[in-house]
Amino acid sequence: MELKIEEELEFDFYKFNWNVYMLEDGAILKAIYLPTKIFKTGVDSFNVPTYITAGIVTVTAIVDKELKGKPSQEPFDSKKHKSILVNFEPQDERWNLFSLSDGNLLKIKLIVSSIRKAEMYNTFGEPIYYVSHNISYATIKED
């Protein structure tokens, strides 16, 4: 099935929040979805506009000294480097709001489904975490 794109829309950040997760290793993980493009794809059965986005997920961690290690010299490769599944508890998962050029607001929510911790460290000596996620959308239609 081919995706129907009606138009690309300009947008501004209206309300912007980090999602926060407490990891079993004691780290606090923060994640956010940043759309780089928003496209209108039509309307649903209630005549509410529908959209899709392209974007990136940005992740950062706040870790204690005990979790830090020597920065890794090579990029992560799942075939060469091990990673472990990390249990976590969501502390704060909020909708982010974007004001669209068609007059509507688009609500976007990042939902983290799993977190893996690589046996490697970033430039700051912090463990490297990888997030599996889904993105949920809802439209606030301007009448």
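Throughout, read-outs are computed from the coordinates displayed, never taken from laboratory work. Small disclaimer: the values here were computed from a predicted structure and weren't measured. Positions of Cβ are generated from backbone atoms using ideal geometry, with glycine treated the same way; all protein chains shown enter the neighbour counts.
For the stretch 112-143: of the residues being touching a Ser or Thr at 6+ places or on another chain (Cβ under 6 Å) and without any contact (Cβ under 8 Å) to a residue 40 or more places away in the chain, which is surrounded by the most Cβ atoms within 10 Å (Cβ to Cβ)?
ARG116
Is at least one residue of the stretch 47-55 touching a Leu at 6+ places or on another chain (Cβ under 8 Å), surrounded by 14 or more Cβ atoms within 10 Å (Cβ to Cβ) and in a loop (DSSP other than H, G, I, E, B)?
No.
Identify, from the list THR41, THR58, THR36, THR53, the residue that is under 17 Å from SER136 (Cα atoms), among the hydroxyl-bearing types (Ser, Thr, Tyr) and without any contact (Cβ under 8 Å) to a residue 24 or more places away in the chain. Spell out how you get there, then give the answer.
Numbers: THR41 fails: without any contact (Cβ under 8 Å) to a residue 24 or more places away in the chain; THR58 fails: without any contact (Cβ under 8 Å) to a residue 24 or more places away in the chain; THR53 fails: without any contact (Cβ under 8 Å) to a residue 24 or more places away in the chain.
None of the others qualify; the one that does is THR36.
Could you name every one of the strands (runs of 3 or more DSSP E) located completely within the stretch 69-121 that has at least 2 residues being more than 22 Å from GLY42 (Cβ to Cβ) and more than 21 Å from the chain's Cα centre (by Cα)? Steps first, please.
Numbers: elements: 83-86, 88-92, 96-100, 105-121.
Because the criterion is at least 2 residues that are more than 22 Å from GLY42 (Cβ to Cβ) and more than 21 Å from the chain's Cα centre (by Cα), the strands (runs of 3 or more DSSP E) in the stretch 69-121 that meet it are 105-121.
Those residues that are over 16 Å from ILE56 (Cβ atoms), in contact with a Phe, Trp or Tyr (Cβ under 8 Å, 6 or more places away or on another chain) and in contact (Cβ under 8 Å) with a residue 60 or more places away in the chain, I need them from the stretch 100-111; list them, please.
LEU100, SER101, LEU105, LEU106
Go through the residues of the stretch 63-82 one by one and say whether even a single one is over 19 Å from LEU29 (Cβ atoms) and among the aliphatic types (A, V, I, L, M).
There is no residue in the stretch 63-82 that is over 19 Å from LEU29 (Cβ atoms) and among the aliphatic types (A, V, I, L, M).
Which condition number does THR36 fail, the rest of (1) among the polar types (S, T, N, Q); (2) in a strand (DSSP E or B); (3) surrounded by 13 or more Cβ atoms within 10 Å (Cβ to Cβ) being met?
(3)
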